[in-house]
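This report refers to the structure that appears directly beneath it.
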Amino acid sequence: MCIIAAKTYQRHTDYYQRHTDFMTISITSASQESFNLELKYPREFSGLHQLEERYSQKTAAWGNLTVNELWFDGACVFQSTIEANQHCRLKMQCDSPCWLMNFVLDGELNTMVQMDAALNTKANHFNCFYCSSLAVEAGIERKTHVFTVCLTRRFIKHLFWKSSVFTGDELANNGEKVFIAGNQLITTELKTIIGEITGAEQPTYIRRIYLEGKILELLSLQLKDSMFFTPDNTKSDVVHTDLSKLQTAKQLLEQNIRSPFTLTELAKQCGLNDFKLKKGFKEAFGFTVFGYLNELRMNRAKSMLQKGLPVNEVADYVGYKNAHHFTVAFKKRYQVLPRDVFE
């Protein structure tokens, strides 16, 4: 079964009959099962009005897929929910250059990008990359909610006009993918912006301006510490050659939040030296090793406190032997005392 909001669908169908220059995003099953959701847009997301919206739903043997879309010239926002009752693999392809920001808000995505780069993105993490034609295969085993922003090449080039960031016009290289951020934690600041985008209710002409501003804010926060912006505007080979080892280091931090490894121990566990671990981790994930550990601890602590767990118990769980030190760190991060969170 496939449902697309009737009036919107007919309006877009009429538009495409008159305009053949459009772009397509196709979502299909990677198995033998027949499953296909084809989403068509005018080239560069240039729609009939200031804002275009569409709701799509499709059911398969493995579960249900719903997609809420909103787009305007140069940008499209997707809210996708995959309700998988068994393991499934979906392919997503786009015939146009695109810059994707993918935020996994719930669940988990095991993704293969351009069929040669693996990304395992868990809940509360995101990745960001550019490619001239998209080919992604994602494995899903449970209900997963993903917030995605897709920006066109023209939109991105306009932002970086006369910039030395993309030397040699890297955005034009056909078939090339450029990883901007591997798997990074969705910070409180990023969550707030996503909430502001999904909850925007202004009149259309104001909402259009508001959404573009929020998308640019989202992009700027991701790029701030990305691997593209090293001091000499050159990119290190560390991330490309050692990404899987860096992802192992990241997972070890997540699995040992209470009793973390020292930097030397962590480097040994993932097969890197101290220098490559420190430099590569910062470039791949936007945090220092212990900056990421602290972010993990604070996010975990906040979640536990919101459930009403005692401060001492939470402090111990996230690796603080001294509850006072935890209170100081939490207050610095969230500008509120731990004991006041549940209230």
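Inside region 312-343, can you point out the residues that are among the hydrophobic types (A, V, I, L, M, F, W, C) and over 31 Å from the mean Cα position of the chain (by Cα)?
Within region 312-343, 323 is the sole residue that qualifies.
Consider only pairs whose beta carbons are under 7 Å apart and that are at least six residues apart or on different chains; among these, list those whose first residue lies in region 184-213 and is part of a helix (DSSP H, G or I) and whose second residue is buried (at least 16 other Cβ atoms within 10 Å of the Cβ) and β-branched (Val, Ile, Thr).
What qualifies is 197/77; 211/197.
Could you tell me which of the residues 319, 271, 280 is in contact with a Leu (Cβ under 6 Å, 6 or more places away or on another chain) and more than 23 Å from residue 192 (Cβ to Cβ)?
Only one candidate qualifies: 280.
May I ask you to list pairs of residues, at least six apart or on different chains, whose Cβ atoms are under 7 Å apart, with the first in region 77-103 being within 18 Å of residue 34 (Cβ to Cβ) and assigned by TED's automatic domain parsing to the domain that holds residue 217 and the second being in a strand (DSSP E or B) and among the charged types (D, E, K, R)?
89/137; 91/137
Can you tell me which residue is surrounded by the fewest Cβ atoms within 10 Å (Cβ to Cβ) among those in region 112-128 that are assigned to a strand (DSSP E or B) and at pLDDT 80 or above?
122
Can you find even one residue in region 294-310 that is part of a loop (DSSP other than H, G, I, E, B), closer than 26 Å to residue 249 by Cα and either charged (D, E, K, R) or in the same structural domain as residue 189 (by TED's automatic domain parsing) (or both)?
no
Check whether at least one residue in region 331-342 is farther than 21 Å from residue 127 by Cβ, outside the structural domain of residue 102 (by TED's automatic domain parsing), in a helix (DSSP H, G or I) and of a type in the set (Val, Ile, Thr), and report yes or no.
Checked region 331-342: no residue is farther than 21 Å from residue 127 by Cβ, outside the structural domain of residue 102 (by TED's automatic domain parsing), in a helix (DSSP H, G or I) and of a type in the set (Val, Ile, Thr).
If you check 81, 66, which single one turns out to be assigned to a strand (DSSP E or B), of a type in the set (Ser, Thr, Tyr), out of contact with any Phe, Trp or Tyr (no Cβ under 8 Å at 6 or more places or on another chain) and modelled with pLDDT of 85 or more?
The unique qualifying residue is 81.
The values are calculated or read from the model by the stated rules, or taken from the named source; none is laboratory data. Owing to the predicted nature of the structure, the values given are computational and were not obtained by experimental measurement. In this analysis, Cβ positions are derived from the backbone assuming ideal geometry, glycine residues included, and neighbour counts consider all displayed protein chains.
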